[in-house]
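One structure is given here, and the rest of the page talks about it.
Read-outs: derived from the displayed coordinates by stated rules, not from any lab. Predicted model only: the values in this text are computed from it and were never measured. Note that we place each Cβ from the backbone using ideal geometry, even for glycine, and neighbour counts take in every protein chain shown.
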Amino acid sequence: MDDPSIWLLGLMALAGFTAGWVDAVVGGGGLIQLPALLVGFPGASPVQILATNKLGSICGTTTSSITYFRRVRPDLRTALPMAGLAFLGSLGGAFIGANIPKDLFNPIILVVLVGVGAYTLARPSMGQLSQLRFSGRTHHVVAGLIGFAIGVYDGALGPGTGSFMVFALVGLLGYGFLQASAKAKIANLATNLAALCVFIPMGAVMWKVGLLLGIFNILGGYLGARTAVARGSGFVRVVFVVLLVAFILKIGYDTFAQFA
């Protein structure tokens, strides 16, 4: 693959920063970063796109996880077992992702983009306060199942993982937004690490692009986590939806052209 132009690297830097910012606040940074990679590198294989996205994402999730831990103090008795099962799920999911046919990759991503976009627009306001629905062993079992199931998805594809995990923790377990986001970031860090354990030995990572994404993910993740603690998700949600619609139109056009 030819070296990317300075303009393309600039686009990747912007995508990495925005993805890190959005992911730290509301989750779903992969809905920005992965489509940006698809648009910027149409000749890359699906596994290269997935692997490079994971390298950038793990930098941002590491930064936002540390920031959330310091400011929110999530309960690690729930977060760490959930992260461990998410790690195992993501390992299996990464092997699935490595074998997705290239012709099916754009249509799958398009379906995920449209589905998550519709849910983002339609979901009611929730997660203002923590009102836990389960306690003791049941609480930890449900949290572990959430981690494993979403981990499989994250290893295989990834877009929207942070959002799915936050929604599940709020909707199923009754956590408030900040506590759910803090736990989701720890689990998301584990799923990104697991996927890279599979993709790096395959030689699938585009290192120059992935490290650039990572640097700007760190900046975006740090700022996003601080924004989430200070202001909540309302402001970022508008930016998130606008960018999501833009990528749906672009990937939708490419998918139509692919099968036309």
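Structure notes:
- Estimated distance in nm for a label pair at residue 250 and residue 145, the labels positioned 7 Å out from Cα along Cα-to-Cβ: 3.8 nm
- Protection proxy ranking, highest mean first, for peptides 136-144, 103-111: 103-111, 136-144, where packing is the per-residue count of other beta-carbon atoms within 10 Å, averaged.
- Each of 146, 136, 32 was placed along the dipole of segment 9-259 (beta-carbon charges, centred on the mean Cα), and the one lying farthest toward the positive end is 136.
- Neighbourhood net charge (12 Å Cβ-Cβ; Lys/Arg +1, Asp/Glu -1) for residue 225: +4
- Sorting 222, 153, 175 by the number of Cβ atoms found within 10 Å of their own Cβ, with the fewest placed first, yields 222, 153, 175.
- Distance in nm between pseudo-label sites at residue 172 and residue 14 (7 Å out along the Cβ direction from Cα): 3.7 nm
- Estimated [θ] at 222 nm from DSSP helical runs (n ≥ 4, -39500 (n - 2.57)) normalised by residues in the chain, nearest 500: -28000 deg cm²/dmol
- Neighbour counts of C-beta atoms inside 10 Å place 21, 207 in the sequence 207, 21, starting with the fewest.
- Selected from 117, 30, 151 as most flexible by GNM, with the chain as the system and alpha-carbon contacts under 10 Å: 117
- Relative packing of 56-62, 9-15, which averages over residues the other C-beta atoms within 10 Å, highest first: 56-62, 9-15
- Here the alpha carbons of segment 25-117 define both size measures, Rg and Dmax, at 15.2, 44 Å.
- Here each label is just a point 7 Å from Cα along the line to Cβ, and for residue 96 and residue 133 those points are 2.3 nm apart.
- Take 186-193, 44-51 and order them by the average number of nearby Cβ atoms within 10 Å per residue, most first; the result is 186-193, 44-51.
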